[in-house]
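Chemist: Take this structure, written in structure tokens, and hold onto it; I'll ask about it next.
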Amino acid sequence: QVHLVESGGNLVQPGGSLRLSCAASGSIFSIYAMAWDRQAPGKQRELVAISVSGDTTNYADSVKGRFTISRDNAKNTVYLQMNSLKPEDTAVYYCNIRGRLYSMLDFDSWGQGTQVTVSS
């Protein structure tokens, strides 16, 4: 089974930066897509950023120009660089990775979440 572990969440002042990481472990043959979602208290979960095949990336309008998704294929790790953070970015951030196992079965795994708090 594929297990994802997120890290990097913290308390940061408005205008500050953080980098989240998500490391995947398991018998992964290939990865189709990597993404970050977030959920603030009392709000629905939303897609923040996604990286798919063909080196295509997409971002939510609310984070475009401030956040960057990247990955290290050798380490099966995805990152989210967050700059110019705003209080409204406060949320639990979740990593999502979809791909194929060596068994040739597809997988869709989620991390446990990491807390990002932007406050003065």
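Chemist: Please go through the range 97-106 and pick out each residue that is of a type outside the set (A, V, I, L, M) and either within 10 Å of the chain's Cα centre (by Cα) or open to solvent by 20 Å² or more (accessible area, probe 1.4 Å) (or both).
Modeler: Passing the criteria: Arg98, Arg100, Tyr102, Ser103, Asp106.
Chemist: Also, I was wondering about something else. Scan the range 55-69 for residues that are open to solvent by less than 70 Å² (accessible area, probe 1.4 Å) and out of contact with any Leu (no Cβ under 8 Å at 6 or more places or on another chain) and report the count.
Modeler: Of the residues in the range 55-69, 5 are open to solvent by less than 70 Å² (accessible area, probe 1.4 Å) and out of contact with any Leu (no Cβ under 8 Å at 6 or more places or on another chain).
Chemist: In the list Gly99, Gly42, Gly54, which residue meets the criterion of being part of a loop (DSSP other than H, G, I, E, B), closer than 24 Å to Val2 by Cβ and among the small types (Gly, Ala, Ser)?
Modeler: Gly54
Chemist: Quick check: is even one residue across the range 79-96 open to solvent by 30 Å² or more (accessible area, probe 1.4 Å) and more than 19 Å from Gly9 (Cβ to Cβ)?
Modeler: No, because not a single residue in the range 79-96 is open to solvent by 30 Å² or more (accessible area, probe 1.4 Å) and more than 19 Å from Gly9 (Cβ to Cβ).
Chemist: Within the range 20-54, which residues are open to solvent by 70 Å² or more (accessible area, probe 1.4 Å) and either among the aliphatic types (A, V, I, L, M) or within 18 Å of Leu101 (Cα to Cα) (or both)?
Modeler: Correct list: Phe29, Tyr32, Leu47, Ser53.
Chemist: Moving on. Given the criterion touching an Asp or Glu at 6+ places or on another chain (Cβ under 7 Å), of a type outside the set (S, T, N, Q) and farther than 27 Å from Val118 by Cβ, identify the matching residue among Arg100, Arg38.
Modeler: Arg100
Chemist: Given the conditions (1) on the phi > 0 side of the Ramachandran plot; (2) modelled with pLDDT under 95, which single one is not true for Gly15?
Modeler: (2)
The values are calculated or read from the model by the stated rules, or taken from the named source; none is laboratory data. What you see is a predicted model, and the numbers here were worked out from it, not measured in a lab. All Cβ positions, glycine included, derive from the backbone under ideal geometry; neighbour counts span all protein chains shown. Quick note on the areas: whole protein, heavy atoms, side chains included, nothing else; ligands and nucleic acids left out. Shrake-Rupley method; radii C 1.70, N 1.55, O 1.52, S 1.80 Å.
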